[in-house]
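The values are calculated or read from the model by the stated rules, or taken from the named source; none is laboratory data. All figures in this text were calculated on a predicted structure; none of them were measured in a lab. All Cβ positions, glycine included, derive from the backbone under ideal geometry; neighbour counts span all protein chains shown. For accessibility, only protein heavy atoms count, side chains too; no ligands or nucleic acids. Shrake-Rupley method; radii C 1.70, N 1.55, O 1.52, S 1.80 Å.
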Amino acid sequence: MQNSIQKLFPNFSSELISDIEKNASEQDFKAGTILMRTGQYIKNTILVTKGKIKIYREGEDGGEFLMYYLQPGQACAISMICATKSEKSQIMAKVVEDVSVMMIPLNLMDKWMMEHKSWYEFVIETYKNRFEEILEVVDSIAFRSMDERLEFYLKRHSDACGCTEVKLSHQEIATELNTSREVISRLLKKMEQRGLVKLNRNQIELLKINS
């Protein structure tokens, strides 16, 4: 466990790693598992050591609004905020690739902020990175057309997996962008004609997207 923490969180001090080993519990979850629901009280914050988690908002009609992904070496900033204030979650968290996480009890958050500089710096950096990412999403919605939003969305997925192949159906994309499957299919076809993507069944290969 220690080697895994050191590799994924290289800025953690040895004292902090020791505290994590003593107090955190390791858990595995399968793809499709809902880890957090809107209105749920958060008792732990999590550190991701394997896999990928989608953080999103869910509308009354069941539609989804993607906020960001969590990958190995990352933590959920929003769950940290809710945990420290004992507030209910305003987000959903779903496993999209089988994950392993370290669950850190709520009562240690404030304690570690005071005792471990490396934890304090990690939390602040996590807040900063997620805030900047959410600003990009807001800008995309407010100032871009749907075809530009689609390019931005695909690039985010590509960046998140470090690959050029996005394994999503047209309906899944439409749900997350709050539009229809027909609109997404039409826009993707135009992108393919422009040489930006190559369309396969439930998979989109990015050829050149710079959004």
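Of the residues making up the stretch 9-24, those that are open to solvent by less than 50 Å² (accessible area, probe 1.4 Å) and touching a strand residue (DSSP E or B) at 6+ places or on another chain (Cβ under 8 Å) are PHE9, ILE20, ALA24.
Beta carbons closer than 6 Å, at least 6 apart along the sequence or on distinct chains, pair a first residue in the stretch 163-183 that is at pLDDT 85 or above with a second that is open to solvent by 80 Å² or more (accessible area, probe 1.4 Å) and not in a helix (DSSP H, G or I) for SER169/ASN202.
Entry remark, the stretch 19-28: residues being in a helix (DSSP H, G or I) and touching a residue at least 12 places away in the same chain (Cβ under 8 Å) number 4 in total.
LYS155 - would you say it is of a type in the set (Lys, Arg), outside the structural domain of SER79 (by TED's automatic domain parsing) and either open to solvent by 80 Å² or more (accessible area, probe 1.4 Å) or touching a residue at least 12 places away in the same chain (Cβ under 8 Å) (or both)? It is true that LYS155 is of a type in the set (Lys, Arg), outside the structural domain of SER79 (by TED's automatic domain parsing) and either open to solvent by 80 Å² or more (accessible area, probe 1.4 Å) or touching a residue at least 12 places away in the same chain (Cβ under 8 Å) (or both).
Of a type outside the set (Gly, Ala, Ser) and over 16 Å from GLU64 (Cβ atoms) - does that describe any residue in the stretch 170-182?
From the stretch 170-182, those of a type outside the set (Gly, Ala, Ser) are 170-173, 175-179, 181-182; that's our starting set.
Then drop every residue that is not over 16 Å from GLU64 (Cβ atoms), which leaves 182.
Yes.
Residues in the stretch 136-145 that are under 17 Å from the mean Cα position of the chain (by Cα) and open to solvent by 80 Å² or more (accessible area, probe 1.4 Å): GLU136 only. In the stretch 129-140, the residues that are more than 14 Å from LEU70 (Cβ to Cβ) form Cβ pairs under 8 Å with partners that are of a type in the set (Lys, Arg) and surrounded by 12 or more Cβ atoms within 10 Å (Cβ to Cβ), at six or more places apart or across chains, as follows: SER140/ARG149. Looking across the stretch 57-78, the residues that are surrounded by fewer than 19 Cβ atoms within 10 Å (Cβ to Cβ) and under 16 Å from GLN40 (Cβ atoms) come down to ARG57, GLU58. Those residues that are open to solvent by 40 Å² or more (accessible area, probe 1.4 Å), charged (D, E, K, R) and in contact with a strand residue (DSSP E or B) (Cβ under 9 Å, 6 or more places away or on another chain), I need them from the stretch 173-206; list them, please. Correct list: LYS189, GLU192, LYS198, GLU205. Among all positions in the stretch 119-126, there is no residue which is of a type in the set (A, V, I, L, M), closer than 30 Å to ILE17 by Cβ and in contact (Cβ under 8 Å) with a residue 60 or more places away in the chain.
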